[in-house]
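Quick notes on the structure that follows.
The values are calculated or read from the model by the stated rules, or taken from the named source; none is laboratory data. No experiment lies behind these values; they were computed from the predicted model shown. Neighbour counts are summed over all protein chains in view; Cβ atoms, including those assigned to glycine, are modelled from backbone coordinates with ideal geometry.
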Amino acid sequence: MPSNTMQELLELTVKERASDLHLSLGHPPVLRISGRLVPLIKKKVMTEELLRELATSLMTEEQVARLEKEKEIDFSFNMEDKARFRINVFYQRGSLSMALRLIPKKIQTLEELRLPPVLHKFATAHQGFVLITGPSSHGKSTTLAALVDEINHTRADHIITIEDPIEYVFEDDKSIIDQREVYQDTESFKKALRATFRQDPDVIMVGEMRDPETIATAITAAETGHLVLATLHTNSASQSIHRIVDSFPPEQQIQVRAQLSGSLLGVVSQRLVPSIRGGLVPAAEIMMSNPAVANLIRENKIHELPLVIETSAEVGMISLNRALANLVRSKTITLENALTYSLNPSELRTLSRN
């Protein structure tokens, strides 16, 4: 059970609709609200003793032992069915710190997340590889959850998720959903992913692809009749393809590009941008696979993918700059905030004026 102080902080995080709670030595608790850090100056400044008390009140003895051995730990925590948190406890300069991410209890739909309708195509697919990418804390897990839950409500499939830790908890509807947590239900992403071939899945969700073996197994799963949904910490569709290919030795890269060109359904690279009206809104680059995309990947002309995205709006593709410019022109976000997230600010300025 969390200590009284920890319980108060968790409840306050939910009440203030913060995305994160940060606890660090020498600082009062800090909430992240609409992308901005807000110190709770009326609360106690964190001491080493208080940090350890707060952290251990949320952890099992096994988790405490793993923290001491590995110096950091990820886990999730349910707060009396009111909310769920993804928690990272780590050491910095010999002292504990904590970062707690609030996971909304309700899984939102793609419409509620204000994501482009073309993403529904991924939830109707029965085979292939879908990548949700972007920087940390920009909604990748939330988008994955929306896709998985749409499948859950529309198809009788067997869905297996592999996560570290489990974030959104799904309630079975038409589908059977087995959620596996690394360290609790399996030793690693790669071991769990290999085991799915014996578990008769239709859909596999990989919370994070951390190593070449996991990537290779995910691609093979997509080739062999499964729908695979996964995330990467990359900034664009082309960078995502580069990251996957470059994670393999040179002698394997031709084969990997061939596999990707045949199995990839699409890449979504998203950002959460502060809205003028408050809160955050998504801006997403979307690349859907078509013969031109497949050929460029197979022929190692990945640098030409942005041009295909820019010239394929009729099939739902859109560049990040164009998505940002649309939000600026609709007065949803400011140009200044858009420029912060753009990979090509000068082009964005031009698009925002047109």
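For this structure, a couple of remarks:
- Condition broken by V245, with the remaining ones in (1) under 30 Å from G35 (Cβ atoms); (2) surrounded by fewer than 23 Cβ atoms within 10 Å (Cβ to Cβ); (3) not acidic (D, E) satisfied: (1)
- Given (1) touching a residue at least 40 places away in the same chain (Cβ under 8 Å); (2) in contact with a Lys or Arg (Cβ under 9 Å, 6 or more places away or on another chain), index of the condition L335 fails: (1)
- Per-region count, the stretch 84-107, residues hydrophobic (A, V, I, L, M, F, W, C), in a strand (DSSP E or B) and farther than 18 Å from E53 by Cα: 2
- The residues listed here are L50, L10; of these, the one that is in contact with a Ser or Thr (Cβ under 8 Å, 6 or more places away or on another chain), touching a residue at least 40 places away in the same chain (Cβ under 8 Å) and either crowded, with 16+ Cβ neighbours inside 10 Å or more than 23 Å from D74 (Cβ to Cβ) (or both) is L50.
- The stretch 300-331 - residue that is charged (D, E, K, R) and in contact (Cβ under 8 Å) with a residue 24 or more places away in the chain and, of those, farthest from T350 (Cα to Cα): K331
Residue-by-condition table, conditions (1) assigned by TED's automatic domain parsing to the domain that holds G266; (2) within 17 Å of V118 (Cα to Cα); (3) surrounded by fewer than 18 Cβ atoms within 10 Å (Cβ to Cβ):
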position	(1), (2), (3)
L296	yes, no, no
K301	yes, no, yes
L305	yes, no, no
E314	yes, yes, yes
E336	no, no, yes
L343	no, no, yes
R349	no, no, yes
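- Residues located in the stretch 1-51, provided they are closer than 28 Å to D81 by Cβ, aliphatic (A, V, I, L, M) and within 25 Å of the chain's Cα centre (by Cα): L9, L10, L12, V14, A18, L21, L23, V30, L31, I33, V38
Condition check ((1) surrounded by fewer than 20 Cβ atoms within 10 Å (Cβ to Cβ); (2) out of contact with any helix residue (DSSP H, G or I) (no Cβ under 6 Å at 6 or more places or on another chain); (3) at pLDDT below 95) across all residues:
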{"position": "M79", "(1), (2), (3)": "yes, no, yes"}
{"position": "F90", "(1), (2), (3)": "yes, yes, no"}
{"position": "G94", "(1), (2), (3)": "yes, yes, yes"}
{"position": "S97", "(1), (2), (3)": "yes, yes, no"}
{"position": "R114", "(1), (2), (3)": "yes, yes, no"}
{"position": "L119", "(1), (2), (3)": "no, yes, no"}
{"position": "T133", "(1), (2), (3)": "no, no, no"}
{"position": "D149", "(1), (2), (3)": "no, yes, no"}
{"position": "T154", "(1), (2), (3)": "yes, yes, no"}
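- Answer residue from the stretch 296-310, given it is touching a Lys or Arg at 6+ places or on another chain (Cβ under 8 Å) and part of a helix (DSSP H, G or I) and is farthest from V130 (Cα to Cα) among those: E310
Yes/no per residue for (1) in a helix (DSSP H, G or I); (2) aromatic (F, W, Y); (3) touching a Ser or Thr at 6+ places or on another chain (Cβ under 7 Å); (4) within 26 Å of G262 (Cβ to Cβ):
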residue: A145; (1), (2), (3), (4): yes, no, no, no
residue: I151; (1), (2), (3), (4): yes, no, yes, yes
residue: P165; (1), (2), (3), (4): no, no, yes, no
residue: V169; (1), (2), (3), (4): no, no, no, no
residue: R180; (1), (2), (3), (4): no, no, yes, no
residue: A216; (1), (2), (3), (4): yes, no, no, yes
residue: Q239; (1), (2), (3), (4): yes, no, no, yes
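- A192 falls short on exactly one of the conditions (1) in a helix (DSSP H, G or I); (2) surrounded by fewer than 18 Cβ atoms within 10 Å (Cβ to Cβ); (3) in contact (Cβ under 8 Å) with a residue 24 or more places away in the chain, and that condition is (2).
- Any hit, the stretch 204-213, residues being in contact with a Phe, Trp or Tyr (Cβ under 8 Å, 6 or more places away or on another chain), assigned to a strand (DSSP E or B) and modelled with pLDDT of 95 or more: yes
- Looking only at residues in the stretch 323-346 that are β-branched (V, I, T) and not in a loop (DSSP other than H, G, I, E, B), the one that is nearest to A313 (Cα to Cα) is V328.
- Exactly one residue among D200, D173 is within 27 Å of K106 (Cα to Cα) and outside any helix (DSSP H, G or I), and that residue is D173.
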